[in-house]
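Just below is one structure, and these are the notes that go with it.
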Amino acid sequence: MTYLLSLLDKSPVATATDTDALAATIALAEAADQLGYHRYWLAEHHGFDALASAAPELVVAHLLARTRALRIGTGGILLQHYSPYKVAEIASVLSHLGPGRVDIGIGKAPGGLPQSTRALQSERVTPRDFNTKLVELDGWLKGRALGAELRPAPRQGLELFLLGASPDSARRAAELGWGYVHAGHHDGDTDSLSRTIAIHAGGQGASMLAVTAFAAPSRGEAEEAVADPHVYRLQLPGGQAVNLGSRAAAEDYAVESGVQNYSISERRPRIVAGTGEDIHEELASLRRAHGVREFILDIPVADAARRLRSIQLIARARQRRAA
């Protein structure tokens with residue numbers, strides 16, 4: 001097998017409680033550790049009833065103690081809400097709690113509705129540009145003197161990734177020497193993917209592709225399970241665009257933003273669904289077409305048992321192909 005497999009977890013709540021959702025995340029990570037997955041990343045979202053993923057750095061610390069081989073990381077910390085110095089401290093401490101096993105992925109999106117963003121940023125007077133904060137974070141983590149001391153200093157083995165879906169994000173990651181994760185689970189544009197991955201190819205870090213994938217014992221069952229998901233893209237004045245899971249959520253976002261002139265477009269996300277073998281056929285095709293060496297899979301169902309079965313089927317199909 002010529003590519004690595006990793007997992008992204010948003011701690012979906014579904015009909016369970018938040019406690020159950022986080023317990024399912026722990027159980028899934030422990031299973032992934034045994035099944036041979038490479039990384040297990042925790043997303044960050046705020047104020048959504050369906051997700052319990054508000055503090056990925058806390059879950060990373062917990063999972064480091066519950067797993068042995070997996071790299072554990074953030075997918076990602078949403079830097080616009082926080083001080084780069086504080087994020088660097090979090091990354092540094094985690095690098096000591098799990099030497100050689102910690103990834104820090106950084107995201108640009110707000111991760112919640114405008115009211116959540118305002119609450120997160122309520123102590124800040126003047127928001128700073130994301131790229132300015134990203135360069136500052138890079139400086140802290142690479143030991144450049146920026147005034148204050150960073151203690152403890154990060155251990156070797158800490159890997160840094162920028163999450164994005166555009167050539168600009170790939171270029172920025174390459175300039176910093178960071179890895180880049182292309183949000184293929186949001187953007188199914190293969191031409192954009194090829195251009196973006198090619199831009200990052202000159203960087204020092206790895207290029208990864210996020211793919212929404214779900215496996216079941218039969219192709220029909222898998223396709224039926226993911227037949228409903230849609231993405232609603234809200235286009236705001238000034239060029240900002242946000243992907244949301246329902247038209248109501250998109251309309252709420254626009255109302256909370258206080259804007260009048262906006263548009264909402266509906267599309268179905270690209271989901272790879274089928275048996276474990278079907279998933280690997282598609283991943284192998286993407287590998288050949290784009291040179292991707294690692295995929296991070298987003299499992300688009302909330303039921304904990306079906307998510308676990310899905311990652312088991314994908315892992316076992318990988319083992320059969322390798323044999």
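Observations, loosely collected:
- Taking every DSSP beta bridge that has both ends in the chain, the antiparallel portion is near 20%.
- Here the chain exposes an accessible surface that is 50 percent carbon and sulfur, computed with a 1.4 Å probe and the other protein chains kept in place.
- Across the stretch 1-62, Cα pairs under 8 Å and at least six residues apart give a relative contact order of 41 percent.
- For the peptides 211-218, 284-291, the ranking by mean Cβ contacts within 10 Å, running from highest to lowest, is 211-218, 284-291.
- Length-normalised contact order for the chain - Cα pairs under 8 Å, 6+ apart - percent: 18 percent
- Ordering of 40-48, 274-282 by burial proxy (mean other Cβ atoms within 10 Å per residue, highest first): 40-48, 274-282
- Per residue, the solvent-accessible area of the stretch 92-248 (1.4 Å probe, heavy atoms of protein chains only, all protein chains present) comes to 48 Å².
The values are calculated or read from the model by the stated rules, or taken from the named source; none is laboratory data. The model shown is predicted, which means the values in this text are computed figures rather than measured ones. Cβ sites come from the backbone with ideal geometry, for glycine too, and all protein chains shown count toward neighbours. What goes into the accessible areas is simple: the full protein's heavy atoms, side chains included, and nothing from ligands, DNA or RNA. Shrake-Rupley method; radii C 1.70, N 1.55, O 1.52, S 1.80 Å.
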